[in-house]
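Novice: Encoded as structure tokens, here's the structure I'll be asking about.
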């Protein structure tokens, strides 16, 4: 946010919600989807159950009533640590093993169009010339679809294809032609981790 001038100071509230004692995900997401740009979805004091991630897809603010006053929690998410202190530590509490319950590790809030957004090909442009080694800039045919502060994926046609893995290396590994491969070397050597050449 600092590259964009900090957190926007939005004051117009488009909707205010209170906890329902059930799963509040759908109600909050509906308000986020319908809130006009540069306005605020306000969460009143209380504990909101959010068992699916919320998507903030446009320039709006989701605001609580204060730290420890508005709480978002997942009934199927990570659990608080137990009250038992880990032996040999200075008061570190024992965590609950996620394997002992149904643990949903997804986040509660995502800023963007989806959890795993892909490149936006709508503004894709060709370079006017190949990029040069060591250069800090490239020139595109049309820069009208770009703006300062955006992340840009610079792609190249490499002609890469799958190649067999080196002799002696586990067959499950895959290497692309053109990849730069670094082999681990331990001292003493560790079978299965180190380069097959180092093992011979």
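Novice: Look through segment 77-128, keep the residues that are within 17 Å of the chain's Cα centre (by Cα), without any contact (Cβ under 8 Å) to a residue 24 or more places away in the chain and loosely packed, with under 10 Cβ neighbours inside 10 Å, and return whichever of them is farthest from residue 49 (Cα to Cα).
Specialist: Filtering segment 77-128 for residues that are within 17 Å of the chain's Cα centre (by Cα), without any contact (Cβ under 8 Å) to a residue 24 or more places away in the chain and loosely packed, with under 10 Cβ neighbours inside 10 Å, the one farthest from residue 49 (Cα to Cα) comes out as 118.
Novice: Let me ask something else about it. Restricting attention to segment 62-85, which residues are in contact with a helix residue (DSSP H, G or I) (Cβ under 8 Å, 6 or more places away or on another chain) and over 17 Å from residue 106 (Cα atoms)?
Specialist: 62
Novice: Name, by its number, the condition in (1) in the same structural domain as residue 55 (by TED's automatic domain parsing); (2) not in a strand (DSSP E or B) that does not hold for residue 88.
Specialist: (1)
Novice: Where in segment 1-57 are the strands (runs of 3 or more DSSP E), entirely inside, with at least 2 residues that are without any contact (Cβ under 8 Å) to a residue 60 or more places away in the chain and within 22 Å of the chain's Cα centre (by Cα)?
Specialist: 54-56
Novice: From 148, 135, 141, grab the single residue that is exposed (fewer than 10 other Cβ atoms within 10 Å of the Cβ) and at pLDDT below 85.
Specialist: Only one candidate qualifies: 148.
The values are calculated or read from the model by the stated rules, or taken from the named source; none is laboratory data. Since this is a predicted model, take the numbers as computed values, not measurements. Here the Cβ is made from the backbone with ideal geometry for all residues, glycine too, and neighbour counts use every protein chain on show.
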